[in-house]
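The values are calculated or read from the model by the stated rules, or taken from the named source; none is laboratory data. All of these numbers come straight from a predicted model, not from anything done at the bench. All Cβ positions, even for glycine, are placed from backbone atoms using ideal geometry, and neighbour counts span all protein chains on display. Surface areas here come from the heavy atoms of the whole protein model, side chains and all, with no ligands, DNA or RNA. Shrake-Rupley method; radii C 1.70, N 1.55, O 1.52, S 1.80 Å.
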Amino acid sequence: MKRVTGIGGIFFKCKNPATLRAWYLQHLGIDAGEYGFTFDWNMEADPSKGSTVWAPFGEETPYFKPSEKDFMINYRVENLEELVQLLKSEGLKILDEIETYPYGKFVHLLDLEGNKIELWEPVG
């Protein structure tokens, strides 16, 4: 019997949902309505190869810092270098330098309520 087969959504509390939705639309292009936004995707070469990571971290992990929140969201992106330059031009502070690993490039920022965001450009 199958149990969990993927991540269906990420839900979190915030102080002002309308203002936060507007921030995400302006800076990351996520056009969420009152009930959120659904990302539909598949891998072009082989639809069965798509993946989303779910990973629990120890409660003392420093990985989510400087955010004091109990979660972090990872967003897949294309052309991370170009996006980082655009975000900087919009006045956003990028928390670190882009790091490259065999499975992709990563960088971090905070949204306007202090939630840490990880941007990931997968390899390929």
So which of D70, D46 is charged (D, E, K, R) and either modelled with pLDDT of 80 or more or surrounded by 12 or more Cβ atoms within 10 Å (Cβ to Cβ) (or both)? D70
Looking at E97, E81, can you tell me which residue is assigned to a helix (DSSP H, G or I) and modelled with pLDDT of 95 or more? E81
Scan region 73-124 for residues that are closer than 26 Å to N42 by Cβ, open to solvent by 90 Å² or more (accessible area, probe 1.4 Å) and among the aliphatic types (A, V, I, L, M) and report the count. 1
Between a first residue in region 48-60 that is over 17 Å from V123 (Cα atoms) and a second residue that is in a loop (DSSP other than H, G, I, E, B) and at pLDDT 80 or above, which pairs have beta carbons less than 9 Å apart while being 6 or more apart in sequence or on different chains? F57/Y63; F57/F64; F57/M72; E59/D70
